[in-house]
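A.B. asks: One structure, pasted below without further comment.
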Amino acid sequence: MENQTRRDALRKISLSLGGLALGSWANAENGAEANLQPLELTPPQYPPLEKAVTAITLGAGNRGNVYGNYATKFPTELDIVGVAEPIVIRNDRYAKKHNIEDTRRFKTWEDVFKVPKFADAIIISMPDNLHHASCLQALAAGYHVLLEKPIAQTEKECREILAAAKKHNRIVAVCHVLRYAPYFVTLKKLIHNGSIGELISIQHFEPIQHIHMAHSFVRGNWHNSRQTTPIIIAKSCHDLDILRWLVGKPAKRISAFGGLKWFKRENEPQGAADRCLDCKAEKDCPYSALKIYHDKGSWNYAFDLPEDKSKHAEAITTYLKSTNYGRCVYRMENDQCDHYVANIEFEGGTTAAFSMEAFTGYHGRRTRVMGSMGDIVGDMTTFTHTDFKTGKTTTYDVNSFDDGIYAKQGHGGGDIGLARNWVQAIARQDASLLTSTIEASIESHLMGFAAEKSRKKGTVEKIVL
Ligand SMILES: NC(=O)c1ccc[n+]([C@@H]2O[C@H](COP(=O)([O-])OP(=O)(O)OC[C@H]3O[C@@H](n4cnc5c(N)ncnc54)[C@H](O)[C@@H]3O)[C@@H](O)[C@H]2O)c1
(Lines give C-alpha, C1' and ligand atoms only; values in the text may rest on other atoms or scores of the structure.)
Protein backbone atom coordinates (compact mmCIF):
# COMPACT_ATOMS: atom_id res chain seq x y z
CA MET A 1 0.00 0.00 0.00
CA GLU A 2 2.81 2.38 0.96
CA ASN A 3 4.65 1.40 -2.23
CA GLN A 4 1.49 2.09 -4.18
CA THR A 5 1.25 5.59 -2.67
CA ARG A 6 4.89 6.32 -3.47
CA ARG A 7 4.43 5.05 -7.01
CA ASP A 8 1.38 7.29 -7.42
CA ALA A 9 3.35 10.22 -6.06
CA LEU A 10 6.17 9.56 -8.52
CA ARG A 11 3.74 9.28 -11.39
CA LYS A 12 2.22 12.62 -10.38
CA ILE A 13 5.66 14.21 -10.32
CA SER A 14 6.29 12.81 -13.81
CA LEU A 15 3.02 14.24 -15.03
CA SER A 16 3.57 17.61 -13.40
CA LEU A 17 6.89 17.85 -15.26
CA GLY A 18 5.15 17.18 -18.51
CA GLY A 19 5.89 13.46 -18.46
CA LEU A 20 9.60 14.09 -18.36
CA ALA A 21 10.58 12.51 -15.12
CA LEU A 22 12.44 9.29 -15.12
CA GLY A 23 9.38 7.41 -13.90
CA SER A 24 8.50 7.05 -17.56
CA TRP A 25 12.03 6.98 -19.01
CA ALA A 26 13.86 4.59 -16.71
CA ASN A 27 11.10 2.16 -16.00
CA ALA A 28 10.29 1.78 -19.66
CA GLU A 29 13.95 1.09 -20.46
CA ASN A 30 14.39 -1.37 -17.67
CA GLY A 31 11.08 -3.02 -18.44
CA ALA A 32 10.39 -3.54 -14.76
CA GLU A 33 8.33 -2.03 -11.98
CA ALA A 34 10.87 -0.03 -9.98
CA ASN A 35 11.48 -0.41 -6.28
CA LEU A 36 11.16 3.21 -5.07
CA GLN A 37 13.70 4.53 -2.57
CA PRO A 38 14.38 7.94 -1.07
CA LEU A 39 17.79 9.43 -1.90
CA GLU A 40 20.35 8.21 0.63
CA LEU A 41 22.62 11.15 1.29
CA THR A 42 24.03 13.05 4.21
CA PRO A 43 25.40 16.40 3.09
CA PRO A 44 28.58 17.44 4.91
CA GLN A 45 27.97 18.82 8.40
CA TYR A 46 30.11 21.70 9.65
CA PRO A 47 30.50 23.15 13.16
CA PRO A 48 29.50 26.86 13.44
CA LEU A 49 32.08 29.39 12.26
CA GLU A 50 33.67 31.78 14.74
CA LYS A 51 33.30 34.61 12.25
CA ALA A 52 31.45 34.94 8.94
CA VAL A 53 33.56 34.93 5.77
CA THR A 54 33.47 38.41 4.20
CA ALA A 55 33.12 38.85 0.44
CA ILE A 56 32.81 41.50 -2.27
CA THR A 57 30.54 40.77 -5.22
CA LEU A 58 31.65 41.86 -8.69
CA GLY A 59 28.45 41.89 -10.76
CA ALA A 60 25.12 42.10 -8.90
CA GLY A 61 23.04 40.44 -11.60
CA ASN A 62 21.40 37.04 -11.59
CA ARG A 63 24.29 34.95 -10.25
CA GLY A 64 25.61 37.67 -7.93
CA ASN A 65 22.22 37.57 -6.25
CA VAL A 66 22.19 33.77 -6.03
CA TYR A 67 25.38 33.85 -3.96
CA GLY A 68 24.34 37.04 -2.15
CA ASN A 69 21.17 35.27 -1.08
CA TYR A 70 23.30 32.66 0.66
CA ALA A 71 24.58 35.47 2.89
CA THR A 72 21.07 36.68 3.72
CA LYS A 73 20.00 33.11 4.51
CA PHE A 74 23.12 32.20 6.50
CA PRO A 75 24.50 35.49 7.90
CA THR A 76 26.75 33.75 10.41
CA GLU A 77 28.59 32.10 7.50
CA LEU A 78 28.84 34.76 4.77
CA ASP A 79 28.75 38.55 4.96
CA ILE A 80 28.72 40.59 1.72
CA VAL A 81 30.67 43.77 2.53
CA GLY A 82 31.20 45.30 -0.91
CA VAL A 83 29.77 45.41 -4.42
CA ALA A 84 30.83 46.56 -7.88
CA GLU A 85 27.97 46.96 -10.34
CA PRO A 86 27.48 49.62 -13.04
CA ILE A 87 23.67 49.35 -13.25
CA VAL A 88 22.50 51.80 -10.61
CA ILE A 89 19.27 50.06 -9.61
CA ARG A 90 21.13 46.74 -9.15
CA ASN A 91 23.89 48.37 -7.14
CA ASP A 92 21.30 50.16 -4.96
CA ARG A 93 19.20 47.05 -4.38
CA TYR A 94 22.23 44.89 -3.60
CA ALA A 95 23.75 47.45 -1.23
CA LYS A 96 20.43 47.78 0.58
CA LYS A 97 19.91 44.04 0.86
CA HIS A 98 23.40 43.51 2.34
CA ASN A 99 23.69 46.75 4.23
CA ILE A 100 26.87 47.75 2.37
CA GLU A 101 28.56 51.04 3.32
CA ASP A 102 28.65 53.71 0.60
CA THR A 103 32.48 53.71 0.58
CA ARG A 104 32.38 50.03 -0.39
CA ARG A 105 30.06 50.39 -3.34
CA PHE A 106 31.77 50.65 -6.71
CA LYS A 107 30.67 51.28 -10.27
CA THR A 108 33.05 48.83 -11.87
CA TRP A 109 35.24 45.94 -10.72
CA GLU A 110 38.54 47.76 -11.36
CA ASP A 111 37.68 50.29 -8.62
CA VAL A 112 37.61 47.57 -5.95
CA PHE A 113 41.32 46.99 -6.45
CA LYS A 114 42.15 50.68 -6.12
CA VAL A 115 41.46 50.50 -2.38
CA PRO A 116 43.26 48.29 0.19
CA LYS A 117 41.95 44.74 0.62
CA PHE A 118 38.84 44.78 2.83
CA ALA A 119 37.39 41.26 2.68
CA ASP A 120 38.41 37.62 2.66
CA ALA A 121 37.10 36.86 -0.80
CA ILE A 122 35.79 38.08 -4.13
CA ILE A 123 32.74 36.69 -5.92
CA ILE A 124 33.11 37.08 -9.70
CA SER A 125 29.65 36.99 -11.25
CA MET A 126 30.18 39.36 -14.18
CA PRO A 127 29.95 38.63 -17.91
CA ASP A 128 32.37 35.99 -19.22
CA ASN A 129 34.77 38.48 -20.84
CA LEU A 130 35.51 40.11 -17.46
CA HIS A 131 36.47 36.94 -15.56
CA HIS A 132 40.14 36.68 -16.51
CA ALA A 133 41.40 40.17 -15.69
CA SER A 134 39.34 40.52 -12.50
CA CYS A 135 40.36 37.09 -11.19
CA LEU A 136 44.06 37.79 -11.75
CA GLN A 137 43.73 41.10 -9.91
CA ALA A 138 41.79 39.55 -7.05
CA LEU A 139 44.44 36.85 -6.59
CA ALA A 140 47.30 39.35 -6.78
CA ALA A 141 45.56 41.44 -4.11
CA GLY A 142 45.35 38.39 -1.81
CA TYR A 143 41.65 37.54 -2.09
CA HIS A 144 40.21 34.04 -2.33
CA VAL A 145 37.76 33.77 -5.25
CA LEU A 146 34.40 32.29 -6.16
CA LEU A 147 34.57 32.35 -9.95
CA GLU A 148 31.52 31.89 -12.14
CA LYS A 149 31.96 29.58 -15.09
CA PRO A 150 33.37 29.82 -17.67
CA ILE A 151 36.75 30.29 -16.01
CA ALA A 152 37.85 32.46 -18.93
CA GLN A 153 37.48 32.80 -22.70
CA THR A 154 40.59 30.99 -23.90
CA GLU A 155 42.70 28.04 -22.84
CA LYS A 156 45.66 30.36 -22.24
CA GLU A 157 43.63 32.59 -19.93
CA CYS A 158 42.30 29.58 -17.98
CA ARG A 159 45.85 28.33 -17.47
CA GLU A 160 46.96 31.80 -16.33
CA ILE A 161 44.29 31.81 -13.63
CA LEU A 162 45.36 28.35 -12.45
CA ALA A 163 49.00 29.49 -12.31
CA ALA A 164 48.06 32.67 -10.40
CA ALA A 165 46.00 30.72 -7.86
CA LYS A 166 49.03 28.51 -7.20
CA LYS A 167 51.48 31.42 -7.13
CA HIS A 168 49.44 33.42 -4.62
CA ASN A 169 48.32 30.31 -2.72
CA ARG A 170 44.64 31.32 -2.82
CA ILE A 171 41.52 29.18 -3.15
CA VAL A 172 39.61 29.59 -6.42
CA ALA A 173 36.31 27.73 -6.58
CA VAL A 174 34.70 27.48 -10.01
CA CYS A 175 30.89 27.49 -10.01
CA HIS A 176 30.42 24.00 -11.40
CA VAL A 177 27.37 23.77 -9.22
CA LEU A 178 26.16 20.36 -10.45
CA ARG A 179 28.98 18.68 -8.51
CA TYR A 180 27.22 19.73 -5.31
CA ALA A 181 23.68 18.70 -6.31
CA PRO A 182 22.47 15.73 -4.21
CA TYR A 183 21.38 13.96 -7.42
CA PHE A 184 24.87 13.96 -8.97
CA VAL A 185 26.63 13.35 -5.64
CA THR A 186 24.57 10.16 -5.22
CA LEU A 187 25.09 9.14 -8.84
CA LYS A 188 28.85 9.39 -8.41
CA LYS A 189 28.67 7.40 -5.18
CA LEU A 190 26.76 4.58 -6.92
CA ILE A 191 29.19 4.50 -9.84
CA HIS A 192 32.18 4.18 -7.55
CA ASN A 193 30.86 1.91 -4.76
CA GLY A 194 30.74 -1.17 -6.98
CA SER A 195 26.98 -1.03 -7.70
CA ILE A 196 27.50 -1.26 -11.46
CA GLY A 197 30.79 -3.18 -11.56
CA GLU A 198 33.32 -1.58 -13.84
CA LEU A 199 32.28 1.68 -15.50
CA ILE A 200 32.23 1.10 -19.26
CA SER A 201 30.49 4.12 -20.80
CA ILE A 202 28.12 7.06 -20.28
CA GLN A 203 25.53 8.76 -22.47
CA HIS A 204 24.71 12.26 -21.31
CA PHE A 205 22.03 14.49 -22.82
CA GLU A 206 21.53 18.17 -22.09
CA PRO A 207 18.14 19.38 -23.32
CA ILE A 208 18.45 23.16 -23.13
CA GLN A 209 14.74 23.73 -23.91
CA HIS A 210 13.83 25.90 -26.89
CA ILE A 211 12.74 29.01 -24.94
CA HIS A 212 15.85 28.90 -22.75
CA MET A 213 17.94 28.63 -25.93
CA ALA A 214 16.22 31.65 -27.45
CA HIS A 215 16.50 33.65 -24.24
CA SER A 216 20.17 33.03 -23.46
CA PHE A 217 21.93 31.92 -26.64
CA VAL A 218 19.98 33.64 -29.45
CA ARG A 219 18.85 36.93 -27.91
CA GLY A 220 20.63 37.03 -24.58
CA ASN A 221 24.07 37.61 -23.09
CA TRP A 222 25.66 34.53 -24.70
CA HIS A 223 24.33 34.88 -28.26
CA ASN A 224 27.77 35.65 -29.68
CA SER A 225 30.45 33.03 -29.09
CA ARG A 226 33.31 35.42 -29.82
CA GLN A 227 32.15 37.98 -27.25
CA THR A 228 31.56 35.26 -24.64
CA THR A 229 32.54 31.61 -25.20
CA PRO A 230 31.32 28.88 -27.59
CA ILE A 231 28.20 27.17 -26.23
CA ILE A 232 30.09 23.95 -25.47
CA ILE A 233 31.85 26.01 -22.79
CA ALA A 234 29.30 28.75 -22.04
CA LYS A 235 26.55 26.20 -21.38
CA SER A 236 27.98 22.73 -21.48
CA CYS A 237 31.18 23.12 -19.46
CA HIS A 238 28.88 21.92 -16.64
CA ASP A 239 28.25 18.71 -18.57
CA LEU A 240 31.84 18.11 -19.63
CA ASP A 241 32.78 18.74 -16.02
CA ILE A 242 30.18 16.35 -14.62
CA LEU A 243 31.25 13.64 -17.08
CA ARG A 244 34.91 14.05 -16.08
CA TRP A 245 33.89 13.98 -12.41
CA LEU A 246 31.62 10.93 -12.74
CA VAL A 247 34.26 8.96 -14.65
CA GLY A 248 36.95 9.94 -12.16
CA LYS A 249 39.72 9.86 -14.77
CA PRO A 250 41.08 12.44 -17.20
CA ALA A 251 39.70 12.74 -20.73
CA LYS A 252 42.22 11.85 -23.43
CA ARG A 253 40.52 12.46 -26.80
CA ILE A 254 37.43 14.24 -28.07
CA SER A 255 35.62 14.68 -31.38
CA ALA A 256 32.64 16.96 -31.99
CA PHE A 257 30.01 17.93 -34.55
CA GLY A 258 27.27 20.53 -34.53
CA GLY A 259 26.23 23.90 -35.78
CA LEU A 260 23.62 26.62 -35.94
CA LYS A 261 20.76 25.27 -38.01
CA TRP A 262 17.58 27.11 -37.17
CA PHE A 263 17.98 30.61 -35.72
CA LYS A 264 18.93 32.30 -39.01
CA ARG A 265 17.33 34.86 -41.28
CA GLU A 266 16.51 32.25 -43.95
CA ASN A 267 14.10 30.57 -41.51
CA GLU A 268 12.09 33.63 -40.53
CA PRO A 269 8.34 33.39 -41.11
CA GLN A 270 6.55 35.54 -43.64
CA GLY A 271 5.68 38.91 -42.13
CA ALA A 272 8.63 38.88 -39.72
CA ALA A 273 9.99 42.18 -38.43
CA ASP A 274 13.06 43.23 -36.50
CA ARG A 275 11.06 43.30 -33.25
CA CYS A 276 8.24 41.00 -32.14
CA LEU A 277 6.09 44.04 -31.29
CA ASP A 278 5.97 44.87 -35.04
CA CYS A 279 5.79 41.29 -36.37
CA LYS A 280 2.81 39.97 -38.36
CA ALA A 281 3.74 36.34 -37.60
CA GLU A 282 4.12 36.86 -33.85
CA LYS A 283 0.93 35.04 -32.83
CA ASP A 284 2.08 31.76 -34.37
CA CYS A 285 5.71 32.04 -33.32
CA PRO A 286 6.83 29.95 -30.31
CA TYR A 287 9.73 32.38 -29.83
CA SER A 288 7.52 35.49 -29.63
CA ALA A 289 9.03 37.85 -27.07
CA LEU A 290 5.54 38.95 -26.10
CA LYS A 291 4.64 35.40 -25.15
CA ILE A 292 7.93 34.72 -23.39
CA TYR A 293 8.30 37.93 -21.43
CA HIS A 294 4.73 39.14 -20.95
CA ASP A 295 2.88 35.84 -20.59
CA LYS A 296 5.47 33.47 -19.10
CA GLY A 297 6.77 35.65 -16.28
CA SER A 298 9.70 33.49 -15.23
CA TRP A 299 12.07 34.77 -17.94
CA ASN A 300 11.66 38.32 -16.68
CA TYR A 301 14.45 37.78 -14.17
CA ALA A 302 16.72 39.47 -16.74
CA PHE A 303 14.79 42.78 -16.34
CA ASP A 304 15.01 45.19 -13.43
CA LEU A 305 11.28 45.56 -12.91
CA PRO A 306 9.78 48.16 -10.57
CA GLU A 307 8.62 47.06 -7.09
CA ASP A 308 5.07 48.05 -8.06
CA LYS A 309 3.69 45.05 -9.98
CA SER A 310 1.03 47.14 -11.70
CA LYS A 311 3.88 48.82 -13.63
CA HIS A 312 5.46 45.57 -14.84
CA ALA A 313 3.62 45.30 -18.17
CA GLU A 314 4.67 48.81 -19.20
CA ALA A 315 8.28 48.21 -18.10
CA ILE A 316 8.45 44.89 -20.00
CA THR A 317 7.17 46.60 -23.16
CA THR A 318 9.93 49.21 -22.80
CA TYR A 319 12.53 46.41 -22.53
CA LEU A 320 11.07 44.70 -25.60
CA LYS A 321 11.35 47.96 -27.56
CA SER A 322 14.90 48.71 -26.49
CA THR A 323 16.86 45.49 -25.79
CA ASN A 324 17.79 42.31 -27.65
CA TYR A 325 15.09 40.46 -25.71
CA GLY A 326 12.45 42.08 -27.96
CA ARG A 327 14.23 41.22 -31.22
CA CYS A 328 13.32 38.57 -33.78
CA VAL A 329 15.20 35.33 -33.10
CA TYR A 330 15.81 34.99 -36.85
CA ARG A 331 17.43 38.43 -37.15
CA MET A 332 19.99 38.43 -34.34
CA GLU A 333 23.78 38.47 -34.70
CA ASN A 334 23.87 35.05 -33.01
CA ASP A 335 26.35 32.34 -33.91
CA GLN A 336 25.97 29.76 -31.12
CA CYS A 337 25.34 26.15 -32.16
CA ASP A 338 21.79 24.95 -31.55
CA HIS A 339 22.81 21.28 -31.64
CA TYR A 340 26.11 19.81 -30.61
CA VAL A 341 27.41 16.28 -30.12
CA ALA A 342 30.75 15.19 -28.72
CA ASN A 343 32.38 11.81 -28.15
CA ILE A 344 34.98 11.53 -25.42
CA GLU A 345 37.50 8.83 -24.55
CA PHE A 346 38.82 8.77 -21.01
CA GLU A 347 41.96 7.23 -19.57
CA GLY A 348 41.45 3.48 -19.30
CA GLY A 349 39.05 3.34 -22.26
CA THR A 350 35.77 4.52 -20.70
CA THR A 351 33.81 6.46 -23.31
CA ALA A 352 31.11 9.13 -23.12
CA ALA A 353 28.67 10.39 -25.73
CA PHE A 354 27.38 13.90 -25.07
CA SER A 355 24.54 15.66 -26.83
CA MET A 356 23.36 19.24 -26.30
CA GLU A 357 20.03 20.09 -27.92
CA ALA A 358 18.16 23.39 -28.15
CA PHE A 359 14.97 21.95 -29.58
CA THR A 360 13.28 20.27 -26.67
CA GLY A 361 10.12 21.15 -24.80
CA TYR A 362 11.78 20.26 -21.50
CA HIS A 363 14.80 20.85 -19.29
CA GLY A 364 16.64 18.38 -17.09
CA ARG A 365 19.80 16.53 -17.96
CA ARG A 366 19.42 12.83 -18.74
CA THR A 367 22.25 10.43 -18.02
CA ARG A 368 22.68 6.73 -18.74
CA VAL A 369 25.61 5.01 -17.06
CA MET A 370 26.62 1.56 -18.27
CA GLY A 371 28.73 -0.77 -16.12
CA SER A 372 29.80 -4.41 -16.35
CA MET A 373 27.42 -5.48 -13.54
CA GLY A 374 24.65 -2.91 -13.73
CA ASP A 375 23.37 0.31 -15.21
CA ILE A 376 21.83 3.58 -14.10
CA VAL A 377 19.33 5.75 -15.97
CA GLY A 378 18.55 9.19 -14.59
CA ASP A 379 16.93 12.51 -15.44
CA MET A 380 17.79 14.75 -12.43
CA THR A 381 14.47 13.97 -10.78
CA THR A 382 14.94 10.27 -10.23
CA PHE A 383 17.40 7.62 -11.30
CA THR A 384 17.03 3.88 -11.62
CA HIS A 385 19.75 1.37 -10.86
CA THR A 386 19.54 -2.15 -12.27
CA ASP A 387 21.74 -4.82 -10.73
CA PHE A 388 22.53 -7.40 -13.43
CA LYS A 389 23.42 -10.10 -10.86
CA THR A 390 20.10 -10.01 -9.00
CA GLY A 391 17.93 -8.37 -11.64
CA LYS A 392 16.77 -5.97 -8.92
CA THR A 393 15.74 -2.50 -10.07
CA THR A 394 15.76 0.43 -7.64
CA THR A 395 14.56 3.94 -8.37
CA TYR A 396 15.91 6.78 -6.23
CA ASP A 397 13.65 9.80 -5.94
CA VAL A 398 15.36 13.20 -5.52
CA ASN A 399 12.08 14.81 -4.51
CA SER A 400 12.02 12.65 -1.42
CA PHE A 401 15.26 14.23 -0.22
CA ASP A 402 14.55 17.16 2.05
CA ASP A 403 17.23 18.24 4.47
CA GLY A 404 15.83 21.78 4.66
CA ILE A 405 18.94 23.25 2.94
CA TYR A 406 19.61 21.72 -0.48
CA ALA A 407 16.14 20.53 -1.44
CA LYS A 408 14.24 22.48 -4.11
CA GLN A 409 17.09 24.98 -4.57
CA GLY A 410 18.70 26.19 -7.81
CA HIS A 411 20.54 23.59 -9.96
CA GLY A 412 19.03 20.77 -7.91
CA GLY A 413 20.57 22.13 -4.69
CA GLY A 414 23.95 22.63 -6.40
CA ASP A 415 23.95 26.43 -5.97
CA ILE A 416 23.55 26.26 -2.23
CA GLY A 417 25.89 23.27 -1.93
CA LEU A 418 28.66 25.12 -3.72
CA ALA A 419 28.19 28.32 -1.69
CA ARG A 420 28.19 26.35 1.56
CA ASN A 421 31.34 24.36 0.78
CA TRP A 422 33.14 27.42 -0.58
CA VAL A 423 32.46 29.42 2.58
CA GLN A 424 33.74 26.55 4.72
CA ALA A 425 36.82 26.10 2.52
CA ILE A 426 37.72 29.79 2.92
CA ALA A 427 36.95 29.93 6.64
CA ARG A 428 38.98 26.81 7.36
CA GLN A 429 41.64 27.50 4.70
CA ASP A 430 41.01 24.04 3.33
CA ALA A 431 40.48 23.69 -0.42
CA SER A 432 39.79 19.96 -0.02
CA LEU A 433 36.28 20.86 1.19
CA LEU A 434 35.56 21.79 -2.42
CA THR A 435 35.30 19.48 -5.39
CA SER A 436 35.29 22.25 -8.02
CA THR A 437 38.64 23.90 -7.37
CA ILE A 438 40.33 25.60 -10.30
CA GLU A 439 42.74 22.63 -10.51
CA ALA A 440 39.84 20.20 -11.02
CA SER A 441 37.60 22.49 -13.04
CA ILE A 442 40.05 23.52 -15.70
CA GLU A 443 39.84 20.06 -17.32
CA SER A 444 36.28 20.57 -18.56
CA HIS A 445 37.34 23.81 -20.20
CA LEU A 446 40.29 22.12 -21.94
CA MET A 447 37.81 19.49 -23.15
CA GLY A 448 35.50 22.23 -24.45
CA PHE A 449 38.22 24.13 -26.28
CA ALA A 450 39.42 20.85 -27.84
CA ALA A 451 35.82 20.01 -28.87
CA GLU A 452 35.53 23.34 -30.66
CA LYS A 453 38.77 22.70 -32.51
CA SER A 454 37.48 19.28 -33.53
CA ARG A 455 34.09 20.63 -34.64
CA LYS A 456 35.65 23.35 -36.76
CA LYS A 457 38.53 21.34 -38.23
CA GLY A 458 36.93 17.88 -38.48
CA THR A 459 39.67 16.31 -36.36
CA VAL A 460 39.92 14.10 -33.30
CA GLU A 461 41.68 16.24 -30.69
CA LYS A 462 43.97 15.14 -27.88
CA ILE A 463 43.31 16.73 -24.50
CA VAL A 464 46.56 17.85 -22.97
CA LEU A 465 46.40 18.83 -19.31
N1 LIG B 1 26.99 28.46 -12.68
C2 LIG B 1 25.93 28.58 -13.44
O3 LIG B 1 25.14 27.66 -13.54
C4 LIG B 1 25.68 29.85 -14.19
C5 LIG B 1 24.38 30.17 -14.62
C6 LIG B 1 24.18 31.37 -15.31
C7 LIG B 1 25.27 32.22 -15.55
N8 LIG B 1 26.51 31.86 -15.15
C9 LIG B 1 27.67 32.74 -15.38
O10 LIG B 1 27.64 33.78 -14.41
C11 LIG B 1 28.13 35.01 -14.95
C12 LIG B 1 27.08 36.09 -14.74
O13 LIG B 1 25.89 35.70 -15.39
P14 LIG B 1 24.49 36.34 -14.98
O15 LIG B 1 23.45 35.47 -15.55
O16 LIG B 1 24.47 36.64 -13.53
O17 LIG B 1 24.53 37.68 -15.81
P18 LIG B 1 23.88 39.08 -15.43
O19 LIG B 1 23.93 39.90 -16.66
O20 LIG B 1 22.55 38.86 -14.78
O21 LIG B 1 24.87 39.66 -14.34
C22 LIG B 1 26.13 40.16 -14.64
C23 LIG B 1 26.27 41.50 -13.94
O24 LIG B 1 27.59 41.99 -14.11
C25 LIG B 1 27.50 43.40 -14.22
N26 LIG B 1 28.70 44.00 -14.79
C27 LIG B 1 28.97 44.26 -16.11
N28 LIG B 1 30.13 44.92 -16.23
C29 LIG B 1 30.63 45.09 -14.97
C30 LIG B 1 31.78 45.71 -14.45
N31 LIG B 1 32.68 46.32 -15.24
N32 LIG B 1 31.98 45.71 -13.10
C33 LIG B 1 31.07 45.11 -12.28
N34 LIG B 1 29.94 44.52 -12.72
C35 LIG B 1 29.73 44.49 -14.05
C36 LIG B 1 26.27 43.58 -15.10
O37 LIG B 1 25.77 44.90 -15.05
C38 LIG B 1 25.32 42.56 -14.52
O39 LIG B 1 24.50 43.09 -13.51
C40 LIG B 1 28.43 34.72 -16.41
O41 LIG B 1 29.80 34.50 -16.58
C42 LIG B 1 27.67 33.44 -16.70
O43 LIG B 1 28.25 32.65 -17.71
C44 LIG B 1 26.72 30.71 -14.46
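The values are calculated or read from the model by the stated rules, or taken from the named source; none is laboratory data. Since the model is a prediction, treat every value here as computed from it, not as a measurement. All Cβ positions, glycine included, derive from the backbone under ideal geometry; neighbour counts span all protein chains shown. SASA here: full protein model, heavy atoms, side chains in, ligands and nucleic acids out. Shrake-Rupley method; radii C 1.70, N 1.55, O 1.52, S 1.80 Å.
A.B. asks: Under a point-charge model restricted to the Cβ atoms of Lys and Arg (+1) and Asp and Glu (-1), what is the dipole moment magnitude of region 277-409 relative to its Cα centre, in debye to the nearest 20?
C.D. replies: Roughly 340 debye, rounded to the nearest 20.
A.B. asks: Going through region 307-380, which GluC sites (Glu not before Pro) have at most 16 other Cβ atoms within 10 Å and a DSSP loop state?
C.D. replies: GLU307, GLU333
A.B. asks: Given H placed on each backbone N at 1.01 Å, which residues far from THR54 in sequence or on other chains put an amide H within less than 5 Å of it?
C.D. replies: Answer set, sorted by chain and number: ASP79, ASP120, ALA121.
A.B. asks: Of the peptides 76-89, 191-204, 101-114, 174-187, how do they stack up when ordered by the mean number of other Cβ atoms within 10 Å, highest first?
C.D. replies: Result, highest mean first: 174-187, 76-89, 191-204, 101-114.
A.B. asks: Would you mind putting 442-453, 63-74 in packing order, based on average other-beta-carbon counts within 10 Å, highest first?
C.D. replies: Put in order of decreasing packing, that is 442-453, 63-74.
A.B. asks: Could you work out what % of the accessible surface of the chain is carbon and sulfur, using a 1.4 angstrom probe and leaving DNA, RNA and ligands out of the count?
C.D. replies: 52
A.B. asks: Share of Cα-Cα pairs in the chain beyond 32 Å, in percent? Could you put the intermediate results ahead of the total?
C.D. replies: Numbers: 46564 of 107880 pairs.
The calculated P(r) of the chain puts 43 percent of pairs beyond 32 Å.
A.B. asks: Considering the zone a paramagnetic label at GLN203 would reach in this model (a point 7 Å from Cα along the Cα-to-Cβ line), which residues of region 346-370 have amide N under 11 Å from it?
C.D. replies: Residues passing the 11 Å test: 353-355, 367-370.
A.B. asks: Extending each Cα 7 Å along its Cβ direction at GLU101 and LYS389, get the distance between those two points in nm, one decimal.
C.D. replies: Label-label distance for GLU101 and LYS389, simple model: 6.3 nm.
A.B. asks: Would you mind checking region 96-121 for residues with the amide N under 20 Å from a putative spin-label position 7 Å along Cα→C-beta of ALA141?
C.D. replies: The answer is 96, 98-121, whose backbone nitrogens lie closer than 20 Å to the label point.
A.B. asks: Given the pairs LYS252/LYS456; LYS51/LYS149; LYS96/LYS408; LYS117/LYS408, which are separated by over 24 angstrom at their Cα positions?
C.D. replies: Result: LYS51/LYS149; LYS96/LYS408; LYS117/LYS408 exceed 24 Å.
A.B. asks: Only bridges with both residues in the chain count here: give the DSSP antiparallel percent, nearest 5.
C.D. replies: Looking only at bridges with both residues in the chain, the antiparallel portion is about 55 percent.
A.B. asks: For LYS453 and PHE303, compute 0.36 nm times the residue count separating them, minus their Cα-Cα distance, and round to one decimal in nm.
C.D. replies: Working: separation 150, 0.36 × 150 = 54.00 nm, distance 3.52 nm.
In short, 50.5 nm is gained.
A.B. asks: Related question: Starting from the Cα-Cα distance between LYS117 and LYS280, subtract it from 0.36 nm times their residue separation and give me the gain in nm to one decimal.
C.D. replies: Computed gain between LYS117 and LYS280 is 53.1 nm.
A.B. asks: Counting only heavy atoms of protein chains, what accessible area per residue, in Å², does the chain have with a probe of 1.4 Å?
C.D. replies: On the way: 20360 Å² over 465 residues.
Here the per-residue accessible area is 44 Å².
A.B. asks: Hey, another quick one. Scanning the chain for helices, which whole DSSP H stretches are 27 Å or more long along the axis (Cα) and average -1.0 or more by Kyte-Doolittle? Write out the running numbers ahead of the final one.
C.D. replies: Details: long enough: 438-457 (28 Å, -0.49).
Once both thresholds are applied, what remains is 438-457.
A.B. asks: Could you please state, rounded to a whole Å, how far the C-alpha centre of region 201-261 is from the C-alpha centre of region 280-343?
C.D. replies: Cα centroid to Cα centroid, the span is 22 Å.
A.B. asks: Hey, another quick one. Rounded to whole Hz and in sequence order, give me ³J(HN,Hα) for region 263-276 from the Karplus expression 6.51 cos²θ - 1.76 cosθ + 1.60, θ = phi - 60°, writing x for Gly and Pro.
C.D. replies: 7, 9, 4, 4, 9, 5, x, 4, x, 5, 9, 4, 10, 4
A.B. asks: So for the chain, taking the charge dipole from beta-carbon charges (+1 Lys/Arg, -1 Asp/Glu), which of PHE449, VAL81, ILE196 sits furthest toward the positive end?
C.D. replies: In the chain, that residue is PHE449.
A.B. asks: Continuing with the same structure: If R0 is 41 Å, what FRET efficiency do you get for HIS168 and GLN270 from their C-beta distance, rounded to 0.05?
C.D. replies: Using R0 = 41 Å, I get an efficiency of 0.10.
A.B. asks: Report the calculated FRET efficiency for GLU40 and LYS296 (r = Cβ-Cβ distance, R0 = 35 Å), to the nearest 0.05.
C.D. replies: Calculated value: 0.45.
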